[in-house]
């Protein structure tokens, strides 16, 4: 029956159609599998994969996904997301609310570098699929990048770490998984070629960071760039929860960003009299 | 037709029933009034009142509501809500998202004191309705309060301001409106009697704060305590927006709570070796 | 003292600098005015203006701002923001949390049309400042618009209302305020010229909607486009609060989008056996 | 040095103290372990455990945690959280924002049953530690429960599923892990004793649900009740992401709860004329 002809309950139910979950009384199926068959048979990362991709991964694929998810769980309270989680936890809201306020800020700047990096890698991979060499594809993509006057290459460099200790370890593991045939290794090649070409152009090495390294893994595993933002949210949620929980064990109330006895610097209009008016308001 | 008998579209539409807004093609009615009749004829505070209460206020009532809403718009970036708005604005999310993360933390501790104060005032007013004197009702309620070992009386005192400059001005205006017959003045009496009784018991004055003073006005105007939390959200949203906007004009990215070159103090387990295990993960 | 030389507390306090609010013990100043001088002397819309713009508006300017804010408070529970507020209110979270989840979705699609409309108006105004006629500036901007293959002009048309009853009333009031010299009227001219030119090109009138009409007012009053998103949040927050509050008076728990006895349509992989594996998980 | 004596940077850094993460240039340590030692050596559930508890779990403990996390990832779009994620995804916000609006509603009603169930189990376990038998401890706790007029026992029963297919499977696996000595099994005993006692009192079996079953596992693993709310957020975030992602692949804009051509039922004041007033507003 066409959608136009549907009326009433069928039309209402169809409004919320999904291919993820099927339900009936006593029945829950995820992507076609009975939930009770999945429970205890697939790892948590495999469940994440199944939900997002529609098919079960191999155990090795799930393991590599779990590695990337585990690597980015926390970067400390100077990250706005973590600070927000801790402040929220002192304001009399639930732990889910504290997590929501924090996750909410994992936007283009705080959470988007991995997505942007994978998008660049994908462009290069697509050029290679057309027969371009890795070196040429990288050079062309970087030419375009710098022509757009973008100051930094997503996935490279860190304001704090000379070398982000997570990145080389993640690339090493990706190489191991590639050696065992779990993944192809092309995204690791691309990321390292970008790193080398940028070093050549700039005269100094700007090493791969956590966003670039997890983007390599997510790319190897076939995740589309916009979904990697969601994976980062799942990962960082762990640190957000840990910090909200730790903070909630303390007695602080309404935690501000600075010690309680400090103020902020006021830079605005100096004190001035209210212009002569009658009392009047609405 | 009983709800059980309804099927299809009528059942679906009834699921979302509301008494606030009626709509048809070219027609929008709020609480029974055509929207085009309201626009330009009622002030913004009057529109807020109509939406929440179902009836139009008098102009004076709307003016007094607007005074309370305007008084609590901001308390600076040491308030977690304001700090969160500013940090969020640097993370690459929309201004609505920055506002949401901030509003979300106006919970029991950060936004709930007014609700709690009004609840106390209401208990005292109810006792007076039963014939108790103001002094006796206040004393009895405070007895109960301190018996519960609550350390502070909601609506009194401020960690920073010896006297919160907003509170006496709000009470003064409430008295003016009461003198003109707009409100009864009983909640102002109650709040000041609480202030006096606490001063008597503690041997020092703990003056009314912004939460206590706005609670007086909301009580005078007949708002139930839980709704005052919502009114505070509307009020503080203004400061949240102003700070998010100001911050978004700057170039900072991923603003953390402390200057960029600072870290946090680590208080946990000292560095330790990973226990001897094979590489293994999922 | 240069920022590099600042140390300790001064550096920390400077990290949170703002021109909006100044504070000291017993002192709160907004944009240079003592808070107690503002309270009772400026309307709530005037307070919003002062916080966002840094200067007090005239009473007429504040009145026109209040009109725009009041016009867009609600569009009923089929708007995702309102539905979210109502569902959230049944989930055991605070009213501030319900508001936050709702406000959070006022993004580019749900809350951005006014911002986009004002941006188009501003381009046309800028062309006129360079000496182009209104008609030519509108035609050129629409040429560019349709060349970008954008299907709809922001600020025009409504999926539900043949004519949005709020828009003509808002334009009428803008004209009144322009006649009294409060605003210039140019943005009203521009919006109506766009409406006319689109009608000419498409052969049918696609009337101005609420986003286009409020954008006219915000433009007349000098607000920059990105800030109008924030103003829309302030406005719609009123409806969001009213619906969250109404819903919280009911006993529903975990309100879903459809009547409780309905399901959704499942469109995914049919039920399938779990592939033969040993129990194994992590 | 006492906190009072600390000045400047040290005081600022101490304001954000944490025992979770230590950082220096090129160094990230979680709970004392170098991040590069953790990556690839611990599963994602083990990383979650380490972050929340401070110590590494055994592989079996991590596996059981992963089972509980995987079991509750989704319950379909009639759950408010999932519906909110899908609606938000159509409003022009980031996937992190859609997730935040959804996670935010996992409050006392939508996300709190597991926490409440574990709290009841813990009371019974504490009574048994004092020498009470399981049967007596369960009976006493239920007496207290029903005396408080609470209509339903947390962790039992489901409005939709006669038997929730996840619960028996989770208990079965808990028994397996207990048989292998990974956990003690006491919380499974308690939950099943509650189920039996409630059946005896009510004359019909109200079977354990997903909240009760995951509470058993979290209790066996030693998680405190309030933290189980956070674990549920981590779990349900997976389904929230999957649904937000699926929805974002569609072209719907501003998805409401009901089919686009439907309205809602209006139950309020019938249409009425605006009371006779002059045009006036602010």
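Criterion first (within 11 Å of chain D (Cβ to nearest Cβ), surrounded by 18 or more Cβ atoms within 10 Å (Cβ to Cβ), at pLDDT below 95 and closer than 18 Å to residue B:238 by Cα) does residue C:111 satisfy it?
yes
So which residues in the stretch C:114-159 are touching a strand residue (DSSP E or B) at 6+ places or on another chain (Cβ under 7 Å) and within 13 Å of residue C:187 (Cβ to Cβ), if there are any at all?
Selection gives C:155 alone.
In the stretch C:199-219, which residues are surrounded by fewer than 23 Cβ atoms within 10 Å (Cβ to Cβ) and within 21 Å of residue C:133 (Cα to Cα)?
Kept after step one, since they are surrounded by fewer than 23 Cβ atoms within 10 Å (Cβ to Cβ), are these residues of the stretch C:199-219: C:199-207.
Selection gives C:199, C:200, C:201.
Can you tell me which residues in the stretch C:4-22 are modelled with pLDDT under 95, in contact with a helix residue (DSSP H, G or I) (Cβ under 7 Å, 6 or more places away or on another chain) and not in a helix (DSSP H, G or I)?
Of everything in the stretch C:4-22, those that are modelled with pLDDT under 95, in contact with a helix residue (DSSP H, G or I) (Cβ under 7 Å, 6 or more places away or on another chain) and not in a helix (DSSP H, G or I) turn out to be C:6, C:7.
Is it the case that residue A:25 is touching a helix residue (DSSP H, G or I) at 6+ places or on another chain (Cβ under 7 Å), surrounded by fewer than 24 Cβ atoms within 10 Å (Cβ to Cβ) and either farther than 30 Å from residue A:101 by Cα or away from chain B (no Cβ under 14 Å) (or both)?
no
One residue is enough: does the stretch B:149-162 have a residue meeting the conditions facing another protein chain (nearest Cβ under 10 Å) and assigned to a helix (DSSP H, G or I)? Spell out the reasoning first.
Going residue by residue through the stretch B:149-162, those that are facing another protein chain (nearest Cβ under 10 Å) are B:158-162.
With the extra rule that they be assigned to a helix (DSSP H, G or I), the set shrinks to none.
There is no residue in the stretch B:149-162 that is facing another protein chain (nearest Cβ under 10 Å) and assigned to a helix (DSSP H, G or I).
Do you know which residues across the stretch D:138-157 are touching a helix residue (DSSP H, G or I) at 6+ places or on another chain (Cβ under 8 Å) and within 29 Å of residue A:40 (Cβ to Cβ)?
Hits for the stretch D:138-157 are D:138, D:153, D:154, D:155, D:156.
So which helices (runs of 4 or more DSSP H) stay within the stretch A:48-105 end to end and still have 1 or more residues that are at the interface with chain B (Cβ under 9 Å from one of its Cβ atoms) and without any contact (Cβ under 8 Å) to a residue 12 or more places away in the chain?
A:95-103
Could you check, for the stretch D:156-171, whether at least one of its residues is over 23 Å from residue D:78 (Cβ atoms), surrounded by 14 or more Cβ atoms within 10 Å (Cβ to Cβ) and more than 20 Å from the chain's Cα centre (by Cα)? So that I can check it myself, show each step before the final result.
Filtering the stretch D:156-171 for residues over 23 Å from residue D:78 (Cβ atoms) gives D:171.
Cutting the leftovers down to surrounded by 14 or more Cβ atoms within 10 Å (Cβ to Cβ) gives us D:171.
Add one more test, that the residue is more than 20 Å from the chain's Cα centre (by Cα), and what stays is none.
Within the stretch D:156-171 (the criterion being over 23 Å from residue D:78 (Cβ atoms), surrounded by 14 or more Cβ atoms within 10 Å (Cβ to Cβ) and more than 20 Å from the chain's Cα centre (by Cα)), the answer is no, since none of the residues qualifies.
Among the numbered criteria (1) part of a helix (DSSP H, G or I); (2) in contact (Cβ under 8 Å) with a residue 40 or more places away in the chain, which one does residue A:145 miss?
Residue A:145 satisfies all of (1) part of a helix (DSSP H, G or I); (2) in contact (Cβ under 8 Å) with a residue 40 or more places away in the chain except (2).
Any residue that is at negative phi and within 14 Å of chain B (Cβ to nearest Cβ) - is there at least one of those in the stretch A:34-42?
Within the stretch A:34-42, one or more residues are at negative phi and within 14 Å of chain B (Cβ to nearest Cβ).
When you check residue C:193 against the structure, is it surrounded by fewer than 24 Cβ atoms within 10 Å (Cβ to Cβ), farther than 29 Å from residue B:246 by Cα, touching a helix residue (DSSP H, G or I) at 6+ places or on another chain (Cβ under 7 Å) and modelled with pLDDT of 95 or more, yes or no?
Working: surrounded by fewer than 24 Cβ atoms within 10 Å (Cβ to Cβ): yes; farther than 29 Å from residue B:246 by Cα: yes; touching a helix residue (DSSP H, G or I) at 6+ places or on another chain (Cβ under 7 Å): yes; modelled with pLDDT of 95 or more: yes.
In short, yes.
Is there a residue being out of contact with any helix residue (DSSP H, G or I) (no Cβ under 9 Å at 6 or more places or on another chain) and in a loop (DSSP other than H, G, I, E, B) anywhere in the stretch A:231-249?
Scanning the stretch A:231-249, I find at least one residue that is out of contact with any helix residue (DSSP H, G or I) (no Cβ under 9 Å at 6 or more places or on another chain) and in a loop (DSSP other than H, G, I, E, B), so the answer is yes.
Give the stretch A:79-93 a look and list any residue that's closer than 19 Å to residue A:260 by Cβ and in contact with a strand residue (DSSP E or B) (Cβ under 9 Å, 6 or more places away or on another chain), or say none.
The answer is A:86, and nothing else.
Considering (1) modelled with pLDDT under 95; (2) outside any helix (DSSP H, G or I); (3) more than 7 Å from every other protein chain (Cβ to nearest Cβ), say which one residue C:281 fails and leave the rest.
Result: residue C:281 fails condition (3) only.
Taking the stated definitions as given, is residue A:213 without any contact (Cβ under 8 Å) to a residue 24 or more places away in the chain and more than 30 Å from residue D:104 (Cβ to Cβ)?
For residue A:213, the condition - without any contact (Cβ under 8 Å) to a residue 24 or more places away in the chain and more than 30 Å from residue D:104 (Cβ to Cβ) - is not met.
Please work out which one of (1) surrounded by fewer than 24 Cβ atoms within 10 Å (Cβ to Cβ); (2) modelled with pLDDT of 95 or more; (3) more than 13 Å from chain B (Cβ to nearest Cβ) is the condition residue A:246 fails and give its number.
Going through (1) surrounded by fewer than 24 Cβ atoms within 10 Å (Cβ to Cβ); (2) modelled with pLDDT of 95 or more; (3) more than 13 Å from chain B (Cβ to nearest Cβ) one by one, residue A:246 breaks only (3).
Does the stretch B:185-209 hold any residues that are touching a strand residue (DSSP E or B) at 6+ places or on another chain (Cβ under 9 Å) and part of a helix (DSSP H, G or I), and which are they?
Matches in the stretch B:185-209: B:191, B:192, B:194, B:195, B:198.
Quick test for you: out of A:268, A:256, A:230, pick the one residue that is more than 14 Å from chain C (Cβ to nearest Cβ) and either modelled with pLDDT of 95 or more or under 23 Å from residue B:159 (Cβ atoms) (or both).
Values: A:268 fails: more than 14 Å from chain C (Cβ to nearest Cβ); A:256 fails: more than 14 Å from chain C (Cβ to nearest Cβ).
Within the list A:268, A:256, A:230, the selection yields A:230.
Please count how many residues of the stretch A:106-130 are in a helix (DSSP H, G or I) and in contact (Cβ under 8 Å) with a residue 40 or more places away in the chain. First the steps, then the outcome.
So in the stretch A:106-130, the residues in a helix (DSSP H, G or I) come out as A:113-129.
With in contact (Cβ under 8 Å) with a residue 40 or more places away in the chain added as a condition, the list becomes A:113-122, A:124-125, A:128.
The qualifying residues number 13.
The values are calculated or read from the model by the stated rules, or taken from the named source; none is laboratory data. What you are looking at is a predicted structure, and each value in this text was computed from that prediction instead of being measured. Counting neighbours? That spans all protein chains shown, and the Cβs are built from the backbone with ideal geometry, glycine included.
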